[in-house]
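Contents: one structure, followed by commentary.
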2 protein chains.
Amino acid sequence: MSESENSDRQDVFDRVCAMADAAAAAQAGLAGMNGQARNALLLALADALIDQADQIAAVNEQDCTQAFEEGMSAGLIDRLRLDKVRIADAARGVRMVAGLTDPLGEVVRGHDMPNGMRLNQVRVPLGVVAMIYEARPNVTIDVVALCLKSGNAALLRGGHAAQRTNRALVELIGGVLSEQGLDPALVASVDRYGRDGAQALMKARGHIDLLVPRGGRGLIRSVIEQATVPTIETGAGNVHIYVDRSVDMDQAIPIIINAKTQRVGVCNAAEKLIVHRDVAAEFLPRVAQALTQAQVELRLDAVSMDILAGHGLPEELLVRAEEADWDREYLDLKMGVRVVDSLDQAIEHINRHSTGHTEAILARDYEAVEEFSRRVDSAVIMVNASTRFTDGGMFGMGAELGISTQKLHARGPMGLQELTTTKWIGYGRGQVRP
Amino acid sequence: MSESENSDRQDVFDRVCAMADAAAAAQAGLAGMNGQARNALLLALADALIDQADQIAAVNEQDCTQAFEEGMSAGLIDRLRLDKVRIADAARGVRMVAGLTDPLGEVVRGHDMPNGMRLNQVRVPLGVVAMIYEARPNVTIDVVALCLKSGNAALLRGGHAAQRTNRALVELIGGVLSEQGLDPALVASVDRYGRDGAQALMKARGHIDLLVPRGGRGLIRSVIEQATVPTIETGAGNVHIYVDRSVDMDQAIPIIINAKTQRVGVCNAAEKLIVHRDVAAEFLPRVAQALTQAQVELRLDAVSMDILAGHGLPEELLVRAEEADWDREYLDLKMGVRVVDSLDQAIEHINRHSTGHTEAILARDYEAVEEFSRRVDSAVIMVNASTRFTDGGMFGMGAELGISTQKLHARGPMGLQELTTTKWIGYGRGQVRP
């Protein structure tokens, strides 16, 4: 790196730290508002989104056009799009967040100490929350709504392709904040600084309280390796469904089809099917027929390959799995299939290869359900239900910030509560320590 | 670094990862035990400590002798010492942890989803907890007791000076684990690998679920900068006491003396005294007399220096503060003193210079107490009580793993609950996502 690049990067770092400090100062004002005032702020934001939907959609159209010209895939452009219908959806989401229970001020624990002091642990905002995410401007609105409701400032780094839309949204939000008597520095974007801005978010320890990366494995890996700011790992989902010997086959097949195909490119979509040997000969041909009808390519271990031979299934969709398949998150119409000898072997396979996101068991046997749900070490266990339910909205959290696959602070979908910390307050009358 | 040093370090890393994986495998056995069995394990550990107290004390004597010969200070040797009396204390501590409420299995949240699924968020162990700490072998016993009670494996890196004692303790613990049908790999020490062992704990992401560094600023800084494993920052305490204009002076002075002098080298000892201008002329001479009688050196701002001149206080204990004093944690018989014009200015000073550990307000005015406890952004706020109460034992948590000064996952004293994470379990009957 040249000296001038180094000094440019230092300059960006200093600017981002200053933005974070300004956001923190503004956050004190937000934290001083009661829950009613924070809800009024969100409702004003929803109204502003509807009022300015035409302008936002027009700006977004420019982002989409440029992305198309630069050869972005249709799927990614779809995620980038924020048209009037989606703006109305987002505004509805903001109103829903306003309607959720206030996470702040809850007394989490409390008791009188033996010396007569009263001790309360109270829920408070984290402070300054930073987020690095893909080019999906509706995420900007979700994240800002969650942060404001939970009393936090937000520093945002959205994907390059959404830069115009995000700038317009941050401006709109700043206008609403000002109208409500808050400092617009409360919500800021570091997009203008490109990659150096993202780097600065990772290193601004003492200025930023939490950094959530959301996106591909490369981004998440680089955040884990480089960040000194506390972070939460999100998103990777090598999701397993275990079909027990006690499975209800008629119930199981719609669950597997839903988990695999209802939406393919998302982290809670199923990627692996682990089948107990005792039911494999009967169950595998049935589920394989349903899956291949839905154009799912099956990546099969030796046993399942043998079982499926000669059932008249489309051969191009029956592929022998490699060892590396067991660790892959396809995010595609593909599914790894393995036959196991026992529940124990299924649990062992899953705990070795899973990313700790979501796993399901399909079983009628009570003991198998208990064993599986206790011993599988993942954020979410689904029993006789689709893995697609792992979602902040489905869990009743309103919008979600992401799905944590780590164990510290937050595990599974992150909503309002995960955007808070606590503070202990000891109320004394002159007590000293003997 | 030479090539052979590099390959040695890689070798240590691989060995530490293997130890962590063995600990994780053993942890599955512990997590499968019910609370009663985990308590029985702790009681057996307490008994073994008493039974083998002579041998442990004799080994510790060797560590202490060597430390003395190598010129360790009396204070540090005192922390290193684990004689029969302290072993009995530690055993009592282990029994007390056994008597605490089981943190595992608690349903943290739960509700029926609109589609009829039952959704529970349940408290479960973290998995493998690593700790890097100073040469205090009683910490080894505390940490192991907390980890076993909460269903976790423990990987330990104690201070070099306590190496013999810690080795003997880990052997003793391994014996107890074997007797109770558990794999002794559940509790292991990486001490034999020296600094490379500590480095390996920081980098073993995917093998270790939580790393807690406890010790000097240098250690904590290097962990924050280098660790890829999730960590919790502990211990630094630039602790403030704010004396409001509404203070009860007779009540305040014993609190300040206790907070500053009851034990000097600890993180919850007060380091700064912030006094409202309206009471400074009357209060400062009184408190300064008490503090200087206790041999506390006062590091004074200009206003407090003026006020204290001509009161017949020992001049060698009245020193003008430098700007850097406001950020210093003395861990010594020293206290910074500043006069402020208002509660606002006090809060601003504290939020700028505090390490976020503990701050106290001494006041009779209700509104001042509310403002201070809401707006000061620290783990613990004490109202009219000594800051020395910030302690897991005092908070009713039993032994403590350390005091977190970060906001993520744990804030303030860390006990059993802070050694857990949660898991969501969704109980369905065939539900799929529409």
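The values are calculated or read from the model by the stated rules, or taken from the named source; none is laboratory data. From a predicted model like this one, the values you see are computed outputs, not experimental measurements. All Cβ positions, even for glycine, are placed from backbone atoms using ideal geometry, and neighbour counts span all protein chains on display. Accessible surface is based on the protein model in full, side chains and every heavy atom, while ligands, DNA and RNA are left aside. Shrake-Rupley method; radii C 1.70, N 1.55, O 1.52, S 1.80 Å.
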Exercise. Run the dipole for segment B:44-175 about the Cα centre, Lys and Arg Cβ at +1, Asp and Glu Cβ at -1, nothing else charged, and hand back the magnitude in debye, nearest 20.
Key: 460 debye
Quiz prompt | Point-to-point label distance, B:R92-A:N6, nm (Cα→Cβ direction, 7 Å offset) | solution = 5.8 nm
Self-check item: Size of charge dipole - the protein assembly as shown - debye, nearest 20, with Cβ of Lys, Arg +1 and Asp, Glu -1, no other charges
Solution: 1200 debye
Quiz item: If you take the beta carbon distance between A:F68 and B:S342 as r and set R0 to 56 Å, what does 1/(1 + (r/R0)^6) give as a FRET efficiency, to the nearest 0.05?
Solution: 0.45
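Suppose R0 equals 45 Å; then what is the FRET efficiency for A:R429 and A:D14 from their Cβ-Cβ distance, rounded to the nearest 0.05?
Values: r = 46 Å, r/R0 = 1.03.
After rounding to 0.05, the efficiency reads 0.45.
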Quiz item: Given label points at 7 Å from Cα along Cα→Cβ, what nm distances, shortest first, separate B:G265 from the same residue in every other copy?
Solution: 6.0
Exercise. Find the eigenvalues of the gyration tensor of the Cα atoms of segment A:239-394, then list the square roots of 5 times those eigenvalues as equivalent ellipsoid semi-axes, largest first, in whole angstrom.
Key: 21, 17, 15
Self-check item: Label point distance in nm, B:R352-B:V108, each placed 7 Å from Cα along Cα→Cβ
Solution: 3.7 nm
Quiz item: Relative to a virtual label point 7 Å from the Cα of A:L331 in the Cα→beta-carbon direction, which members of segment A:204-247 show backbone nitrogen distances below 11 Å?
Solution: A:215-220, A:235-237
Self-check item: Axis-nearest residue of B (beta carbon) for the B-onto-A rotation, whole Å
Solution: B:H409, 2
Exercise. Summarise the partner chain shielding of B:415-428 as one whole number: the mean count of Cβ atoms from other chains within 10 Å of each residue's Cβ.
Key: 6
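Return the carbon/sulfur percentage of the accessible area of the protein assembly as shown, one whole number, probe 1.4 Å, all protein chains in place. Don't jump to the answer; show the numbers that get you there.
On the way: 16140 of 34130 Å².
Percent of accessible area from carbon and sulfur atoms in the protein assembly as shown: 47.
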Exercise. Report, by chain and number, residues whose modeled amide H sits under 5 Å from the one on A:T234, excluding near sequence neighbours (fewer than 5 apart, same chain).
Key: A:T405
Self-check item: Other copies of A:N34: label-to-label distances in nm, shortest first, labels 7 Å along the beta-carbon direction
Solution: 4.8
Practice problem: Starting from a label point 7 Å past Cα on the Cβ side, list the distances from A:A302 to the same position in the other copies, nm, shortest first. | Solution: 8.5
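On alpha-carbon atoms, Rg over Rh for chain A using Kirkwood Rh? It would help to have the intermediate numbers written out before the result.
Values: Rg = 24.4 Å, Rh = 23.7 Å.
Checking Rg against Rh, the ratio lands at 1.03.
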Quiz item: Per 5 Å bin, what is the whole-percent P(r) computed from every C-alpha pair distance within segment A:84-180?
Solution: 2, 11, 17, 21, 17, 10, 6, 5, 4, 3, 2, 1, 0
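Hey, got the average number of other protein chain Cβ atoms within 10 angstrom for residues in B:377-383? Provide the component values of the computation, followed by the final result.
Working: counts 10, 2, 4, 6, 7, 8, 7.
Counting other chains' Cβ atoms within 10 Å and averaging over B:377-383 gives 6.
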Practice problem: Count the net charge of all other residues whose Cβ sits under 10 Å from the Cβ of B:K423, scoring Lys and Arg as +1 and Asp and Glu as -1. | Solution: +3
Quiz prompt | Centroid-to-centroid separation of segment A:233-308 and segment B:108-143 [C-alpha atoms, Å] | solution = 31 Å
Quiz item: What's the percent breakdown of Cα-Cα distances in the protein assembly as shown across 10 Å bins, shortest bin first?
Solution: 2, 12, 20, 23, 21, 14, 6, 2, 1, 0, 0
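What does the charge count around B:R364 come to, taking other residues whose C-beta lies under 9 Å from its C-beta (Lys +1, Arg +1, Asp -1, Glu -1)?
Numbers: positive: none; negative: B:D244, B:D248, B:D365.
Neighbourhood net charge equals -3.
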Practice problem: Restricting things to alpha carbons, tell me how big segment B:175-294 is in terms of Rg and Dmax, in Å. | Solution: 22.5, 67
Self-check item: Residue-by-residue Karplus 3J(HN,Hα) for segment A:328-339, coefficients 6.51, -1.76, 1.60, Hz, glycine and proline x
Solution: 8, 9, 6, 6, 7, 6, 9, 8, x, 10, 9, 9
Quiz item: Order of A:349-359, A:34-44, B:177-187, B:380-390 by packing, highest average Cβ count within 10 Å first?
Solution: B:380-390, A:349-359, B:177-187, A:34-44
Quiz prompt | Leading residue at positive end of dipole, the protein assembly as shown (Cβ point charges), from A:A302, A:G396, A:V190 | solution = A:G396
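Mind putting a number on the dipole of chain A about its Cα centre? Charges go on the C-beta only, +1 for Lys and Arg and -1 for Asp and Glu, and I need it in Debye to the nearest 20. Walk me through the numbers on the way to the answer.
Working: 45 positive and 58 negative charges, 276 e Å.
That gives a dipole near 1320 debye.
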Self-check item: Between A and B, accessible area buried - total, square angstrom, nearest 100, 1.4 angstrom probe
Solution: 5500 Å²
Quiz item: How well do other chains shield peptide A:219-228, expressed as the mean number of their Cβ atoms within 10 Å of each residue Cβ?
Solution: 2
Quiz item: By how many nm would the segment from A:L43 to A:R118 lengthen if fully extended, with 0.36 nm per residue of separation less the alpha-carbon distance?
Solution: 23.3 nm
Self-check item: Among A:L41, A:V85, A:A58 - extreme Cα towards positive end, dipole of segment A:35-129, charges at beta-carbon
Solution: A:L41
Quiz item: Along the Cα-to-Cβ line of B:E225, 7 Å from the Cα, sits a label point; which residues in segment A:180-224 have backbone N less than 15 Å from it?
Solution: A:203-206
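Taking only protein heavy atoms and a 1.4 Å probe, what accessible area per residue, in Å², does chain B have with all protein chains in place? Don't skip to the end; give the middle numbers.
Details: 17060 Å² over 434 residues.
Here the per-residue accessible area is 39 Å².
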